[in-house]
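Read through the structure below, which is laid out as structure tokens, and then see the notes.
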Amino acid sequence: MKIAIYGASGMIGSRVAAEAVGRGHEVIGITRSGGEQPAGVRAVVGSANDAASVKEIASSVDVLVSAMGPSRTGGDPQEFVDAIDVLIAAAGGTRLLVVGGAGSLVVDGKRLVDGPEFPEIYKSEALIVAGVLDTLREAPSELDWTLLSPAHVIEPGERTGVFRLGLDEPVGHHISAEDYAVALVDELEKPAHQRRRFTLGY
């Protein structure tokens, strides 16, 4: 399978890229910075905000993966929202998998990000990322998308291959970025959550 990953040098994107390469897939890693990427990845400098290049890449791969997020260094968060819109518009018949956040997970009918216990420091970013799920749900029916929300805490750790899967409600408090990558590549290989969100955790 040929996979293009936007944000392939980040914590999650790099692990998704490494997992996919390890399973024998052809991976194109696209970053704005040209940052270091896992062995076996074809590194490309580019932007998901460049509609023409995204369309060209989408037409040459089987799957697009967005492992991007809003800027944490003072950049305009609207750039991230616009990038998702570009990916949706350019995907055509190419499958789109999106790295989501935990804030849109639901407990007792209420999103985590809307609850009083959600950390204020992360709230603005979480609301932006949660909005991506709404955008995908409203996308044209021909778009084959999936969004994977991590558990509340995701960080570098061990690749165990053992975790719980769920849909809209949390199924654990934390997950390693390595096991997140396992679940996402599993979904690439054997689609089980088309046009919906799912989650994982320990």
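Bear in mind that the values in this text are calculations on the coordinates, not laboratory data. Being a predicted model, the structure only gives us computed values, none of them experimental. Every residue, glycine among them, receives a Cβ derived from its backbone with ideal geometry; neighbour counts consider all protein chains shown.
Key figures for this structure:
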read-out: Candidate lysines - alpha carbon under 22 Å from Lys55, same-chain residues fewer than 8 apart omitted; value: Lys2
read-out: Semi-axis lengths (Å, descending) of the ellipsoid that matches the C-alpha gyration tensor of segment 38-111; value: 24, 16, 14
read-out: Restricting segment 36-87 to trypsin sites (Lys or Arg not before Pro) in coil, as DSSP defines it, with at most 13 other Cβ within 10 Å; value: Arg72
read-out: Inter-probe distance in nm under a simple model that places probes 7 Å from Cα toward Cβ, at Thr135 and Glu189; value: 3.0 nm
read-out: Per-residue Cβ neighbour rank within 10 angstrom, fewest leading, Ile128, Ile28; value: Ile128, Ile28
read-out: Estimated FRET transfer efficiency when R0 is 35 angstrom, pair Asp82-Glu36 (beta carbons, to 0.05); value: 0.85
read-out: Sequence-separation-based contact order of the chain, relative, with Cα cut under 8 Å and 6+ spacing, percent; value: 19 percent
read-out: Debye intensity ratio in log₁₀ form over the Cα atoms of segment 1-143, taken at each q of 0.09, 0.11, 0.15, 0.20 Å⁻¹; value: -0.28, -0.42, -0.76, -1.22
read-out: Antiparallel bridges, percent of DSSP beta bridges restricted to segment 2-201 (to nearest 5); value: 15 percent
read-out: Cross-link reach list, lysines versus Lys123, counting only Cα pairs under 19 Å and skipping chain neighbours closer than eight places; value: Lys110
read-out: Charge dipole magnitude, Cβ of K and R +1, D and E -1 - the chain, Cα centre, debye nearest 20; value: 320 debye
read-out: Cα Rg over Rh - segment 108-202, Kirkwood; value: 0.97
read-out: Cα→Cβ-extended label distance, 7 Å offset, between Glu120 and Glu142, nm; value: 4.7 nm
